[in-house]
1. Quick one: in segment 151-186, which of the residues that are aromatic (Phe, Trp, Tyr) and within 13 Å of Pro90 (Cβ to Cβ) is most open to solvent (accessible area, probe 1.4 Å)?
2. So, Lys83, is that one under 21 Å from Phe233 (Cα atoms) and without any contact (Cβ under 8 Å) to a residue 40 or more places away in the chain or not?
3. Could you check Ser105 against (1) within 19 Å of Val220 (Cβ to Cβ); (2) among the polar types (S, T, N, Q); (3) touching a helix residue (DSSP H, G or I) at 6+ places or on another chain (Cβ under 6 Å); (4) open to solvent by 20 Å² or more (accessible area, probe 1.4 Å) and say which number it fails?
4. Give all pairs with beta carbons closer than 8 Å in which a residue from segment 157-185 that is in contact (Cβ under 8 Å) with a residue 12 or more places away in the chain meets a residue that is acidic (Asp, Glu); count only pairs at least 6 apart in sequence or on separate chains.
5. So Lys194 fits all but one of (1) more than 21 Å from Lys135 (Cα to Cα); (2) in a loop (DSSP other than H, G, I, E, B); (3) in contact (Cβ under 8 Å) with a residue 24 or more places away in the chain; what number is the exception?
6. Considering only segment 143-151, I want to know if a residue exists there that is at pLDDT 95 or above, among the polar types (S, T, N, Q) and either on the phi > 0 side of the Ramachandran plot or in a strand (DSSP E or B) (or both).
7. Looking at Phe188, is it over 22 Å from the mean Cα position of the chain (by Cα) and among the hydrophobic types (A, V, I, L, M, F, W, C)?
8. What pairs can you find where one residue is in segment 88-110 and under 14 Å from Phe134 (Cβ atoms), the other is among the β-branched types (Val, Ile, Thr) and open to solvent by 10 Å² or more (accessible area, probe 1.4 Å), and their Cβ atoms are less than 8 Å apart, with a gap of 6+ or different chains?
Amino acid sequence: MRLKPLIWSALAALLLVITSCASLGQSANAQLSDTQLETKVLEIIRKNPQVIIDSVQSYQRSQAQQEEKLREQVLSQIRQEPKLLLRNSPVTGSSSQKIILAEFSDFECPFCARGHAVVKEFMAKNQKDVTLVFKHFPLAEIHQQAQPAAYASWAAMQQGKFWEYYDALFEQQNRLGEDFYLELANNFKLDIPKFNRDRQSAEAKAAVKKDFELGKSLGVRGTPSFVMNGVFFSGVPNVSDLEALLAQIKAGS
């Protein structure tokens with residue numbers, strides 16, 4: 001939970017006011033010891049519980065407003081120029097790149113595996129109209145293999161085998177691990193020394209991190225999440241929902 005840092009931020013602001021006011025009647029050298037500071041914090045909590053709650057809620061609202069403003073700015077840019085989502089990421093489908101579906105996903109997430117099946121069916125029907133771009137969003141806190149799988153897929157991309165690797169990771173998700181990554185690399189006839197260098201490289205980590213940061217700026221909080229020409233949605237979609245959105249985009253609505 002992020003509540004504790006928020007409370008301490010609010011308390012710090014309150015203490016700044018209290019100690020600044022008190023210092024007017026004290027010597028310029030007077031300092032609060034750690035024990036005194038802790039005592040004052042506890043005293044403030046006991047005497048002003050609602051003030052603390054209000055401060056935290058105000059801070060949360062301010063943060064949410066800032067995040068929403070940034071999100072709208074980024075989505076607005078993507079609506080104007082969908083190709084901004086491509087940038088060195090693996091792409092498949094339409095070469096026209098006029099309608100772009102960005103998939104933010106985690107190779108260990110079971111919902112992402114379900115989402116992958118839906119996206120694959122959708123793209124099989126609409127690959128002449130839609131360009132699919134994959135964006136890494138590994139939830140490393142809860143999925144131990146999310147980042148290693150992301151780095152391995154990035155390394156496969158360096159040898160032109162991302163989409164084959166991507167399908168295999170999702171379709172055999174229960175096998176994620178070092179042995180499986182190497183098995184796939186051999187199956188796809190990759191240069192193994194290069195594959196190992198690439199997946200362990202600073203470039204791989206930077207690329208995955210860049211995707212993750214982009215996802216956060218767009219409001220991605222869980223996986224899978226998607227953006228189609230600036231329209232954001234999260235969770236496992238239905239093929240019919242994707243096709244309805246595609247029809248709206250084609251119609252210019």
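The values are calculated or read from the model by the stated rules, or taken from the named source; none is laboratory data. Since we're looking at a predicted model, the values are computed, not measured. Positions of Cβ are generated from backbone atoms using ideal geometry, with glycine treated the same way; all protein chains shown enter the neighbour counts. Just so you know, the surface numbers come from the protein's heavy atoms only, side chains and all, with ligands and any DNA or RNA stripped out. Shrake-Rupley method; radii C 1.70, N 1.55, O 1.52, S 1.80 Å.
1. It comes out as Trp163.
2. yes
3. Unmet condition: (4).
4. Pairs found: Gln158/Asp198; Gln159/Asp191; Gln173/Glu108; Leu176/Glu108.
5. (2) is the only condition that Lys194 fails.
6. Applying the first criterion (at pLDDT 95 or above) to segment 143-151 yields 143-151.
Next, from what is left, pick out any that are among the polar types (S, T, N, Q): 144-145, 147.
If we keep only those that are either on the phi > 0 side of the Ramachandran plot or in a strand (DSSP E or B) (or both) as well, we get none.
Checking segment 143-151: not a single residue is at pLDDT 95 or above, among the polar types (S, T, N, Q) and either on the phi > 0 side of the Ramachandran plot or in a strand (DSSP E or B) (or both).
7. Values: over 22 Å from the mean Cα position of the chain (by Cα): yes; among the hydrophobic types (A, V, I, L, M, F, W, C): yes.
In short, yes.
8. Going by the 8 Å Cβ cut-off, the qualifying pairs are Phe104/Thr223; Ser105/Thr223; Asp106/Thr223; Cys109/Thr223.
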